Amino acid sequence: MSDFNGNFRVFSSPDIVRYYSRLSGLQPAEIYAFEKYVRRGVSILDIGVGGGRTTPHLAAKAIRYVGIDYVRAMVDNCTAAFPEHSFYCADAVNLCMFEDAIFDVVVFSYNGIDVISPREKRLKCLSEVFRVLAPGGLFIVSSHNSRVLFDIVRPSDNAGIIRRTWRLIRAAVKSIPVCVALLRSGAFYAGAGYYLHPSHGGIMGYCATPKLMELDACSVGFQPLEIVDAFNLGVPQYFTPWYYYILAKPAV
Ligand SMILES: C[S@@+](CC[C@H](N)C(=O)[O-])C[C@H]1O[C@@H](n2cnc3c(N)ncnc32)[C@H](O)[C@@H]1O
């Protein structure tokens, strides 16, 4: 089990399982990446599928859609919600249940890869994804940004000025504990590392600058295609809590 820090216990707790089963809709970067990079009729592996938030969006395009999660209760919820698709309890670090080169697209959304520790296992996950992808296949993965200072940018909607100002203040206040954790852990200065993220009562997670994340991806053979900030707005590095990376397995 790729978990030396209690994260598995956090994700297994009934409250967290319920939380993920209630999520729906795609994030702005996902809307962009799935639209641009996921063609119709492909074979998709959705890792760390949680409550199946991404399932209807990805499965609608897939000829074959498979979801995995290392928490049995998450898998059971997905199976109940989407009986037409296959879900398995499996660890992202060991994809031995899948043969080489059988998926066109692998997705690890919402920074799920960051809870894998230690770093060697994170790299093992990257190489396992590389193995199960067909040549020319794509890995769409998000990972926390080690240089975020203010997670205050939100796409504007039709809310009035008072509501928008209130949201901005609330978001700025909420970003303080993340900044403090990044600075205290040293990950902010080093550009990458593990830190105690305050979400879900405390999760030990990895974060990196895009440059260091790409170096890891390249070390197992991936070719980076594009990086998209969480809001798909092209914001400066200090304003996005995570990035989506589109990584290609070179076609032979
Ligand atoms: C932040 S949640 C995201 C859930 C879902 N993808 C979504 O976007 O709503 C991360 C998910 O990854 C799963 N996960 C974390 N580490 C994993 C691992 N090593 N193998 C498989 N699943 C893992 C967790 O159980 C959790 O369901």
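The values are calculated or read from the model by the stated rules, or taken from the named source; none is laboratory data. These numbers were taken from a predicted model, which means no experiment stands behind them. Using ideal geometry, Cβ is built from the backbone for each residue, glycine included, and neighbour counts are taken over all protein chains shown. What goes into the accessible areas is simple: the full protein's heavy atoms, side chains included, and nothing from ligands, DNA or RNA. Shrake-Rupley method; radii C 1.70, N 1.55, O 1.52, S 1.80 Å.
Please go through segment 90-105 and pick out each residue that is open to solvent by less than 50 Å² (accessible area, probe 1.4 Å) and aliphatic (A, V, I, L, M).
Ala90, Ala92, Val93, Leu95, Ala101, Val105
Filter segment 173-197 for residues that are touching a strand residue (DSSP E or B) at 6+ places or on another chain (Cβ under 8 Å) and in a helix (DSSP H, G or I); which is surrounded by the fewest Cβ atoms within 10 Å (Cβ to Cβ)?
My answer is Arg184.
So, of the residues in segment 222-235 that are open to solvent by 10 Å² or more (accessible area, probe 1.4 Å) and among the aliphatic types (A, V, I, L, M), which turns out to be farthest from Val178 (Cα to Cα)?
Leu225
Where residues in segment 22-37 are in contact with a helix residue (DSSP H, G or I) (Cβ under 9 Å, 6 or more places away or on another chain), outside any loop (DSSP other than H, G, I, E, B) and more than 9 Å from the ligand (Cβ to nearest atom), which of them is farthest from Pro83 (Cα to Cα)? I'd like the intermediate steps shown before the answer.
Initially, segment 22-37 is screened for residues in contact with a helix residue (DSSP H, G or I) (Cβ under 9 Å, 6 or more places away or on another chain), giving 24-26, 30-31, 34.
Subset that is outside any loop (DSSP other than H, G, I, E, B): 30-31, 34.
If we keep only those that are more than 9 Å from the ligand (Cβ to nearest atom) too, we end up with 31, 34.
On the way: Ile31: 24, Phe34: 23 Å.
Checking each candidate, the answer is Ile31.
Of the numbered conditions (1) in contact with an Asp or Glu (Cβ under 9 Å, 6 or more places away or on another chain); (2) at pLDDT below 95, Val252 fails exactly one; give the number of that condition.
It is condition (1) that Val252 fails.
Between Ser219, Ser146, which is of a type in the set (S, T, N, Q) and loosely packed, with under 14 Cβ neighbours inside 10 Å?
The match here is Ser219.
For the structure I just gave you, tell me whether Phe87 is within 13 Å of the ligand (Cβ to nearest atom) and either surrounded by fewer than 16 Cβ atoms within 10 Å (Cβ to Cβ) or within 18 Å of Ile140 (Cβ to Cβ) (or both).
no
Of all residues in segment 67-84, how many are open to solvent by 10 Å² or more (accessible area, probe 1.4 Å) and either touching a helix residue (DSSP H, G or I) at 6+ places or on another chain (Cβ under 9 Å) or not polar (S, T, N, Q) (or both)?
Looking only at that region, the number is 11.
Given the structure, is Ser13 polar (S, T, N, Q), within 13 Å of the ligand (Cβ to nearest atom) and at pLDDT 95 or above?
Yes.
Among the residues of segment 61-78, write down those that are more than 9 Å from the ligand (Cβ to nearest atom), out of contact with any Gly (no Cβ under 7 Å at 6 or more places or on another chain) and closer than 23 Å to Glu35 by Cα.
Lys61, Ala62, Arg64, Tyr65, Val66
Considering only residues that are over 16 Å from Trp242 (Cα atoms) and among the small types (Gly, Ala, Ser), look in segment 198-207 and name the one that is most open to solvent (accessible area, probe 1.4 Å).
Of all residues in segment 198-207, those over 16 Å from Trp242 (Cα atoms) come to 200-202.
Now drop any that are not among the small types (Gly, Ala, Ser), which leaves 201-202.
Working: Gly201: 83, Gly202: 21 Å².
Among those residues, the one meeting the criterion is Gly201.
Residue check: is Tyr238 in contact with a strand residue (DSSP E or B) (Cβ under 6 Å, 6 or more places away or on another chain) and open to solvent by 30 Å² or more (accessible area, probe 1.4 Å)?
no
Please state which one of Arg18, Arg40, Arg64, Arg53 is more than 18 Å from Gly205 (Cβ to Cβ), part of a loop (DSSP other than H, G, I, E, B) and open to solvent by 40 Å² or more (accessible area, probe 1.4 Å).
Details: Arg18 fails: part of a loop (DSSP other than H, G, I, E, B); Arg64 fails: part of a loop (DSSP other than H, G, I, E, B); Arg53 fails: open to solvent by 40 Å² or more (accessible area, probe 1.4 Å).
After ruling out the rest, the residue left standing is Arg40.
With Phe108, Phe130, Phe103, Phe188 as the choices, which residue is within 15 Å of the chain's Cα centre (by Cα), among the aromatic types (Phe, Trp, Tyr) and either within 16 Å of the ligand (Cβ to nearest atom) or modelled with pLDDT of 95 or more (or both)?
Numbers: Phe130 fails: within 15 Å of the chain's Cα centre (by Cα); Phe103 fails: within 15 Å of the chain's Cα centre (by Cα); Phe188 fails: within 15 Å of the chain's Cα centre (by Cα).
Result of the check over Phe108, Phe130, Phe103, Phe188: Phe108.
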